Protein chains: 2
Amino acid sequence: MKDGAARVLEALREAGGRPCSGGSLAEALGVTRAQVWKHVEALRRRGYEVEGTPGGGYRLVCVPDRLYPEELQAGLATRWLAHEVEWLDLTDSTNRVAGERARAGAPHGYCVVAEGQTAGRGRQGRSFFSPPYLNLYTSIVLRPELALAEAPTLILAAGVAVAEAVADCVGDPQKVEVKWPNDVLLGGRKTSGILMELVAEGTRVGHLVLGIGVNLNVDRATFPEEFRETATSLASYLGRPVERAAFARRLFVTLEGVLDLHAARGFAALRPRFDFFYRMAGRPIVVSEPGGARLEGVALAPDADGALNVRRHDGEVVRVLAGDVTLSARAEARP
Amino acid sequence: MKDGAARVLEALREAGGRPCSGGSLAEALGVTRAQVWKHVEALRRRGYEVEGTPGGGYRLVCVPDRLYPEELQAGLATRWLAHEVEWLDLTDSTNRVAGERARAGAPHGYCVVAEGQTAGRGRQGRSFFSPPYLNLYTSIVLRPELALAEAPTLILAAGVAVAEAVADCVGDPQKVEVKWPNDVLLGGRKTSGILMELVAEGTRVGHLVLGIGVNLNVDRATFPEEFRETATSLASYLGRPVERAAFARRLFVTLEGVLDLHAARGFAALRPRFDFFYRMAGRPIVVSEPGGARLEGVALAPDADGALNVRRHDGEVVRVLAGDVTLSARAEARP
């Protein structure tokens, strides 16, 4: 959106539903009344409902349900995250777009948001179901001062930020949990997927792209068959829609805090917050490891470096560095 | 190079300097004598010296000093490494090219070789001096089944492979050492730089590009001022040139073995070979860490996860995950 239209929108928003005269808008922005009218028309084309009031004034009646930069950034209380937002109506994958932007030099905190994805990426090359206009799909470019060896805990840290944003939104933190490494479950069902893609140069992380998908307003009943029992959305859980832009802003603020803390003091400083949402300990799990190996056992707590500990049925404790965890429904045979 | 020319070259090479008649070549390849002649002309244009012998035969007199695929692959005893080689006369950076090929789907072991680089990359965004036709600049695409947390030790493992290839070539392993994480020094001077760039997806490595530059025949006296005292080449050390293609083949075989062992049994299996070349223990060093912090102390052995241990002057042992090490010339003040 053009700067002028954004400034008119800001002024209308600040008026809080009260009408603004075209003359006062023109004066405040240093433009003509005709230009104000053109900006208002631009806003209307973008989906903003702007009422003309008697005497040539304007009133903001309704904002469109879109994750436009001007919506995400309105009152956004971050220091560096999402100060640049690239909005896409429909794209193949926000992670792919953000990766390209990162390689082209996009700054720390650069944010790509799409209303829908045709090829949303999940871990292990799986797809992430991404219907348009209902959820949040965002990928953020980060350029941390980070050793490659510290990257695995950043994956867990990102899960903490999403879990806290989800908990804030539903108002019931006890129903939210993190499944290692960073799936966020609500009432036992997956609501969020996080895919971190990073480029390392030698022993350091060069840049990374943190892709976050959160099921907000999608109806569980519309999920593909394979996800219907295991996934949910915040709206399906709450029984009412959530405001997507407000959720995104809350997530960005939380995430910025988590990332800054991880950078300054490491995962140890986030450990109590991670542990609050970590409810896998003692539960039977199956892990599919890279290369196809399959590990069954009982989940223990992760190590300080982010590796998951699993006690096999023969009693041996195995460290899992990477893998896909399935929480088993069966009761555990051994205590 | 076209297939036909490659097959003529192979036949001439197999003849070991003895002449091959045009008729026997034509018969062996199932083509006409005129086509054999065209292939020979193609070889000559590429720099191969092929002598016409009385009676219409051909004899391979001299191969060009180029790292052509047909030179690198002649008798190459690898199972998967460098079975596809992309040769470039001059490029900006083999790592950039290989990264693009990897993103486009290049297979495990795909190899980019350039005679020279205009923007050879080193760690921390530094440049790698890359004059043409004298050294080896190669970048290899790898698609390992690897957890992100295991990647740091792969950086060390790559250094072992280069150190062994250098040691084989100069015939004096005691003069070769690895400076953490993976610079290879010969007689105390740097001969090789390795830059690993990887793309991780979640907790796993998606693909990685292993860039290796080795100073082979460049004259030390031609180095830029800043490197002249601290860098050398195999030829400057030996006082005679080395055969570049032969060095590359030896490196590829060694590297393949190292990578397969790392994949199968982890860095622990390579540890004795790493330790042979690790001669930093007990020496005073300065480490520049990400973010600009500076650490002085005495180098100890690396941990099993690849982190360098440094004993500070106050006695505390610090783990270094990433950083740039300078070996100090000063004698250590404390025992």
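Observations
- Per-region count, region A:34-58, residues closer than 11 Å to residue A:8 by Cα and basic (Lys, Arg): 1
- For residue B:199: the one exception among (1) surrounded by fewer than 24 Cβ atoms within 10 Å (Cβ to Cβ); (2) more than 14 Å from chain A (Cβ to nearest Cβ); (3) among the aliphatic types (A, V, I, L, M): (2)
- Some residue of region A:40-56 being in a loop (DSSP other than H, G, I, E, B) and in contact with a Lys or Arg (Cβ under 7 Å, 6 or more places away or on another chain): yes
- Selection within region B:53-63: residues that are surrounded by fewer than 17 Cβ atoms within 10 Å (Cβ to Cβ) and not β-branched (Val, Ile, Thr). The member of this set that is nearest to the chain's Cα centre (by Cα) is B:62.
- Of residues in region B:302-322 being small (Gly, Ala, Ser) and more than 16 Å from residue B:283 (Cα to Cα), the one surrounded by the most Cβ atoms within 10 Å (Cβ to Cβ): B:322
- Scanning region B:92-110 for residues that are among the hydrophobic types (A, V, I, L, M, F, W, C), crowded, with 17+ Cβ neighbours inside 10 Å and free of Cβ contacts under 8 Å to residues at least 60 places away in the same chain yields a count of 2.
- Search result, residues across region B:242-265 that are part of a loop (DSSP other than H, G, I, E, B) and either surrounded by 21 or more Cβ atoms within 10 Å (Cβ to Cβ) or touching a residue at least 40 places away in the same chain (Cβ under 8 Å) (or both): B:242
- Consider region B:170-224 and keep the residues that are of a type in the set (Lys, Arg) and in a helix (DSSP H, G or I). The one that is farthest from residue A:159 (Cα to Cα) is B:220.
- Top-ranked residue in region A:70-103 [being farther than 21 Å from residue A:244 by Cβ and within 13 Å of chain B (Cβ to nearest Cβ); ranked as farthest from the chain's Cα centre (by Cα)]: A:103
- Any hit, region A:161-183, residues being within 15 Å of the chain's Cα centre (by Cα), farther than 22 Å from residue A:261 by Cβ and among the acidic types (Asp, Glu): no
- The single condition from (1) part of a loop (DSSP other than H, G, I, E, B); (2) surrounded by fewer than 17 Cβ atoms within 10 Å (Cβ to Cβ) that residue A:66 fails is (2).
- Qualifying residue in region B:230-241 (condition: part of a strand (DSSP E or B) and either under 19 Å from residue B:183 (Cα atoms) or out of contact with any strand residue (DSSP E or B) (no Cβ under 8 Å at 6 or more places or on another chain) (or both)): yes
- Residue in region B:133-144 that is surrounded by fewer than 24 Cβ atoms within 10 Å (Cβ to Cβ), in a helix (DSSP H, G or I) and in the same structural domain as residue B:255 (by TED's automatic domain parsing) present: no
- Filter result for residue B:258 (not small (Gly, Ala, Ser) and not assigned by TED's automatic domain parsing to the domain that holds residue B:144): no
- Residue check for residue B:116: surrounded by fewer than 22 Cβ atoms within 10 Å (Cβ to Cβ), on the phi < 0 side of the Ramachandran plot, in contact with a Leu (Cβ under 7 Å, 6 or more places away or on another chain) and within 14 Å of chain A (Cβ to nearest Cβ): no
- The residue that is nearest to the other protein chains (Cβ to nearest Cβ), counting only those in region B:134-164 that are farther than 26 Å from residue A:152 by Cα and in contact with a Phe, Trp or Tyr (Cβ under 7 Å, 6 or more places away or on another chain), is B:163.
- Taking the criterion of being within 14 Å of chain A (Cβ to nearest Cβ) and touching a Leu at 6+ places or on another chain (Cβ under 7 Å), the residues of region B:311-324 that qualify are B:318, B:320, B:322.
- Taking region B:15-40 as the range and being in contact with a strand residue (DSSP E or B) (Cβ under 9 Å, 6 or more places away or on another chain) and surrounded by fewer than 12 Cβ atoms within 10 Å (Cβ to Cβ) as the test, the residues that pass are B:16, B:17, B:18.
The values are calculated or read from the model by the stated rules, or taken from the named source; none is laboratory data. Because the structure is a prediction, the values reported are computed rather than measured. Reconstructed Cβ throughout: ideal geometry from the backbone, glycine too, with neighbour counts over all protein chains shown.
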